[in-house]
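The values are calculated or read from the model by the stated rules, or taken from the named source; none is laboratory data. Values in this document were obtained by computation on a predicted structure and should not be read as measured data. With ideal geometry, Cβ positions are generated from the backbone for all residues, glycine too; neighbour counts draw on all protein chains shown.
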Amino acid sequence: MAIEKELLDQLLAGRDPSEVFGKDGLLDDLKKALSERILNAELDEHLDVERSEGTSTANRRNGSSKKTVLTGTSKMTLTIPRDRAGTFDPKLIAKYQRRFPDFDDKIISMYARGMTVREIQGHLEEIYGIEVSPDLISAVTDQVLEAVGEWQNRPLELCYPLVFFDAIRVKIRDEGFVRNKAVYVALAVLADGSKEILGLWIEQTEGAKFWLRVMNELKNRGVDDILIAVVDGLKGFPDAINAVFPQTIVQTCIVHLIRHSLEFVSYKDRKPVVPALRAIYRARDAEAGLKALEAFEAGYWGQKYPAISQSWRRNWEHVVPFFAFPEGVRRIIYTTDEIDKRFPCRRGKIHLRGRPRGEAWCIG
């Protein structure tokens, strides 16, 4: 909605332009005026509802009280209207609320980026001129940790059509240091096409035992079956999945397999090798794919880099399921890079406090 020029002229009249966006400037004045207008409108609506319902026909306004709240830019003193019966509880600023929601969001955002409580305190004071106690910051972040705990243990669906399992690398503040660590992700695709993160875990090393523990955790949270699981080429990973979900079809990530194949290839040969490999995974069916692999193995690149065909043959058991699906499904399950799309920023920081090293932790 456009604001009329005459109204803007009235708001800016007699004001220093350099102070319009500063502390206690025009924006803070507008926020205060709008907040008080909303609070008065809320009380009017509350009194009208009580009168219409007949719950309190005698209730009426009873003056106001002052209340200081923290916003994203300053401390603001609001005039809070009151009612005689004391039944009015504002929605904009609840009775015991001392902070606007956007202020909490700023603290959580800085905390998620790895800033310590003292760093957040100094940042708020330097940028916004707001003095915030460490106890307040800790209280805000602790609320998030409580929500994380609930998210970790939430019940899951009985069956998931498709689940991607893979890891992303992030920088994590741990015991006062920022370290590169792997966050292991289980990303599910539901029957309606929507996606859901089943869990996030931090572990020093990726191994079959770790993933077996993850599978058991998913089982304990209510998952009875997974139709298709897409994984990287970790040895023992398919066995860990089938030990808990024996009917699950395990599909090796084709992109991981191609990347692994290119590790054997010199840089100048990589461009022509990729189209040769494409003939394998784009084959019509498993039989045609095996013939394409044999043709590659007997061809120039297969003879020059025999380790490539050996790698594909070792993983062939978990490449074959891919050929049973139509082209549209193949495009979905051929790679775990779907997780990278879900987490595009791989340089985020997650602050851990008091977590033993090597402990698997669902961080949420």
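Overview of results
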quantity: Count - residues of the range 273-326 that are surrounded by fewer than 14 Cβ atoms within 10 Å (Cβ to Cβ) and touching a helix residue (DSSP H, G or I) at 6+ places or on another chain (Cβ under 6 Å); calculated: 1
quantity: One residue from Ala191, Ala229 being modelled with pLDDT of 85 or more, within 24 Å of Ile332 (Cβ to Cβ), hydrophobic (A, V, I, L, M, F, W, C) and assigned by TED's automatic domain parsing to the domain that holds Phe322; calculated: Ala229
quantity: Residue in the range 207-216 that is free of Cβ contacts under 8 Å to residues at least 12 places away in the same chain and within 20 Å of the chain's Cα centre (by Cα) present; calculated: no
quantity: Hey, Gly129 out of contact with any His (no Cβ under 8 Å at 6 or more places or on another chain), of a type outside the set (Lys, Arg), surrounded by fewer than 17 Cβ atoms within 10 Å (Cβ to Cβ) and at pLDDT 75 or above or not; calculated: no
quantity: Pick from the range 142-155, criterion of a type in the set (S, T, N, Q) and at pLDDT 70 or above, ranking: nearest to Thr116 (Cα to Cα); calculated: Gln152
quantity: Qualifying residues in the range 245-257 (those that are buried (at least 19 other Cβ atoms within 10 Å of the Cβ) and either among the β-branched types (Val, Ile, Thr) or at pLDDT 90 or above (or both)) - the one farthest from Ser309 (Cα to Cα); calculated: Phe245
quantity: Filter result (surrounded by 15 or more Cβ atoms within 10 Å (Cβ to Cβ) and either under 34 Å from the mean Cα position of the chain (by Cα) or basic (Lys, Arg) (or both)) within the range 258-272; calculated: Ile258, His260, Ser261, Leu262
quantity: Selection from the range 1-54 of residues that are among the β-branched types (Val, Ile, Thr) and modelled with pLDDT of 75 or more; calculated: Ile38, Val49
quantity: Residue check, Glu146 surrounded by fewer than 20 Cβ atoms within 10 Å (Cβ to Cβ), outside the structural domain of Arg259 (by TED's automatic domain parsing) and either of a type in the set (S, T, N, Q) or free of Cβ contacts under 8 Å to residues at least 60 places away in the same chain (or both); calculated: yes
quantity: Test result for Lys219, of a type outside the set (Asp, Glu), more than 19 Å from Glu157 (Cα to Cα) and more than 20 Å from the chain's Cα centre (by Cα); calculated: no
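Condition check ((1) at pLDDT below 60; (2) in a strand (DSSP E or B)) across all residues:
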| site | (1), (2) |
| --- | --- |
| Ser309 | no, no |
| Pro321 | no, no |
| Ile332 | no, no |
| Ile350 | yes, yes |
| Gly364 | yes, no |
